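The values are calculated or read from the model by the stated rules, or taken from the named source; none is laboratory data. Everything quoted here is computed from the prediction, not taken from an experiment. Quick reminder, even Gly has a Cβ in these numbers, built from the backbone with ideal geometry, and neighbours come from all protein chains shown. All accessible areas refer to the heavy atoms of the entire protein, side chains included, with ligands and DNA or RNA removed. Shrake-Rupley method; radii C 1.70, N 1.55, O 1.52, S 1.80 Å.
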Amino acid sequence: MSEDKRSEFDRIADKIQQQIIEDEKKIFSAKVIVEYNNPHNIYRMVDFDSHSVLTGSCGDTMEFYIRLKGDTVSDLSFMTDGCGATVACGSILTRMVEGVTIEEARKVTSSDLIETLEGLPDENLHCANLAVNALRTALNGCEGGA
Ligand code: FES
């Protein structure tokens, strides 16, 4: 590809990228966009105490991994093949419950999660449910936690 064609290609790619960003801003809160562009704790933990795999109503799957220190959730990670909103949900959720007891972690609701994310579009509310349900399933698998 010649230099002229490459720079024209780059310009078009930049324009498309900019349009995508502008479209995202119309749909998602700034917090959701930041979170799914830079997610935390998204990996498959090897040395875990409890693990869950849950498939949501949309057919996407979410996994949660929990490591405990006594009855405290000391470490969490998640993995998903779901949408960007689900990535944002998993990322925020791991940080919402890190360092709290199993019982406290169980009390986190999808409304809490949505509020922390400064809202989700109606069509993505199920993504928050999937994340919270996957977390609760993993919490139920913690020793003495069921
Ligand atoms: Fe399937 Fe978000 S988890 S669309």
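The table below lists the values:
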item	result
Where the chain is the region considered: accessible area per residue in Å², 1.4 Å probe	56
Value of relative contact order over the chain, rounded to a whole percent, pairs C-alpha under 8 Å and six or more apart	25
Region 1-43: C-alpha gyration tensor shape, a/c 1.5 cut-off, then a/b vs b/c	oblate
Rounded tilt (10° steps) of 3-27 against the dominant C-alpha axis of the chain	40
Where trypsin sites (Lys or Arg not before Pro) fall in DSSP loop in region 1-45, at most 13 other Cβ within 10 Å	44
Extension reserve of the residue 10-residue 29 stretch, reckoned as 0.36 nm per residue once the Cα distance is removed	4.0 nm
Chain lengthening between residue 123 and residue 53 when straightened (0.36 nm per residue, less Cα-Cα)	23.0 nm
Relative counts (whole %) of C-alpha pair distances in region 1-96, using bins that are 5 Å wide	3, 12, 17, 16, 14, 11, 9, 8, 5, 3, 2, 1, 0
Mean separation of Cα contacts under 8 Å, 6 or more apart, over the residue count of region 96-146: relative contact order %	37
Part-to-part distance (alpha-carbon centres) for region 83-104 and region 1-66, which is given in Å	17
Cleavage-rule hits, trypsin sites (Lys or Arg not before Pro), region 45-126, DSSP coil, Cβ neighbours within 10 Å at most 15	107
Neighbour net charge for residue 129 - beta-carbon separation under 13 angstrom, K R +1, D E -1	-3
Chain lengthening between residue 38 and residue 60 when straightened (0.36 nm per residue, less Cα-Cα)	5.9 nm
The chain - percent of accessible surface contributed by carbon and sulfur, probe 1.4 Å	50
